[in-house]
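Worksheet for the structure shown next.
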Amino acid sequence: MAKRIVVADASPLIGLASAGAFDLLRQLYGQITITDIVRDEVLSGGRLPGALELTDALGAGWVTVVKAPAGGLLFSSLDAGEASTLNFAIEHSGSCLLLMDDLSGRFHASARGLAVTGVAGVLLAARRQGLVKSIKPLLERLEESNFRLSSTVVRAVLDEVGED
């Protein structure tokens with residue numbers, strides 16, 4: 001069986017950094033792949049949450065950058081980073097986990113049979129594996145940073161792990 005590739009869009013990188021949980025990506029998946037477009041989005045001006053964390057992860061070698069696939073499918077409802085990430089995942093379908101929060105992107109991924117999760121799913125996986133004791137403080141940090149997760153998703157995640 002081929003090794004699973006984990007490819008991330010900018011949103012999970014930014015969200016997990018905002019929650020102070022960026023390193024959960026390394027702990028859960030070991031290696032993360034991003035496209036050059038996603039790298040540029042997160043590092044743009046060095047002001048976004050995640051810019052410092054991504055720079056460190058790139059330097060440490062557990063996040064790698066690939067050139068965005070040329071001639072991929074066009075997704076008019078997605079930005080360039082989301083589209084490049086989705087096209088990379090499509091090229092590697094069957095051996096790829098896609099980290100994406102955008103609902104339209106997740107719809108396109110699911111329609112193509114891709115495994116997809118987002119910030120909430122990463123936090124849930126970390127809790128299940130005992131990497132974090134509680135998800136609630138991380139979700140509160142996300143909310144304080146104005147990172148958007150629907151109240152339905154937040155409630156479902158907290159209910160699943162038995163947190164109030």
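The values are calculated or read from the model by the stated rules, or taken from the named source; none is laboratory data. Predicted model, so just to flag it, every value in this text is computed and none were measured. All Cβ positions, even for glycine, are placed from backbone atoms using ideal geometry, and neighbour counts span all protein chains on display. These accessible areas exclude ligands, DNA and RNA; they are computed on the full protein's heavy atoms, side chains included. Shrake-Rupley method; radii C 1.70, N 1.55, O 1.52, S 1.80 Å.
With a Förster radius of 22 Å applied to the C-beta separation of residue 129 and residue 160, the computed FRET efficiency comes to 0.95. When only C-alpha pairs under 8 Å and at least 6 residues apart count, what is the relative contact order of the stretch 31-164, in percent? This gives 16 percent for the stretch 31-164.
Computed about the Cα centre, the dipole magnitude for the chain is approximately 440 debye when only Lys and Arg (+1) and Asp and Glu (-1) carry charge, each at its Cβ. Amide H of residue 64: which non-local residues (sequence gap of 5 or more, or other chain) have their own amide H closer than 5 Å, using H built in the peptide plane? Correct list: 32, 33, 34.
Taking Lys and Arg as +1 and Asp and Glu as -1, the other residues whose beta-carbon sits under 15 Å from that of residue 56 total 0.
Would you please name the trypsin sites (Lys or Arg not before Pro) within the stretch 68-164 that are DSSP coil residues with at most 12 other C-beta atoms within 10 Å of their C-beta?
Counting only loop positions with at most 12 other Cβ atoms within 10 Å, the trypsin sites (Lys or Arg not before Pro) in the stretch 68-164 are 133, 148.
Over all other residues within a Cβ to Cβ distance under 13 Å of residue 158, the charged ones net out to -3, with Lys and Arg as +1 and Asp and Glu as -1. Over the alpha-carbon set of the stretch 77-156, divide Rg by the Kirkwood Rh and report the Rg/Rh ratio to two decimals. Reported Rg/Rh, Kirkwood definition of Rh: 1.01.
Computed over the stretch 11-105, the convex hull of the alpha-carbon atoms projects to a mean area of 6.1 nm². Computed over protein heavy atoms with a 1.4 Å probe, the accessible surface of the chain works out to 51 Å² per residue.
Working note: Karplus 6.51/-1.76/1.60 with θ = phi - 60° gives the stretch 158-164 the couplings 5, 5, 4, 9, x, 10, 9 Hz, where Gly and Pro are set to x.
Under 5 Å between amide hydrogens, built in the peptide plane, is the criterion, and for residue 116 it picks out 98 among residues at least 5 positions away or on other chains. Separation of the stretch 57-83 from the stretch 128-153 is 25 Å, based on Cα centroids. The mean sequence distance of close C-alpha pairs (under 8 Å, at least 6 residues apart), as a share of the length of the stretch 97-164, puts its relative contact order at 27 percent.
Residue-wise HN-Hα couplings along the stretch 108-124, as the Karplus relation 6.51 cos²θ - 1.76 cosθ + 1.60 with θ = phi - 60° gives them from phi, are 4, 5, 5, 4, 9, x, 7, 6, 9, 8, x, 4, 4, x, 5, 5, 5 Hz; Gly and Pro carry x. Our coupling estimate for the stretch 55-70, obtained by passing each phi through the Karplus curve with A = 6.51, B = -1.76, C = 1.60 and θ = phi - 60°, is 4, 5, 5, 5, x, 7, x, 8, 10, 10, 10, 10, 5, 4, x, 8 Hz, Gly and Pro reported as x. Under the combined filter of DSSP loop state and at most 16 neighbouring Cβ atoms within 10 Å, the stretch 23-58 retains these trypsin sites (Lys or Arg not before Pro): 47.
As a ratio to 2.2 N^0.38 Å, the alpha-carbon radius of gyration for the chain is 0.98.
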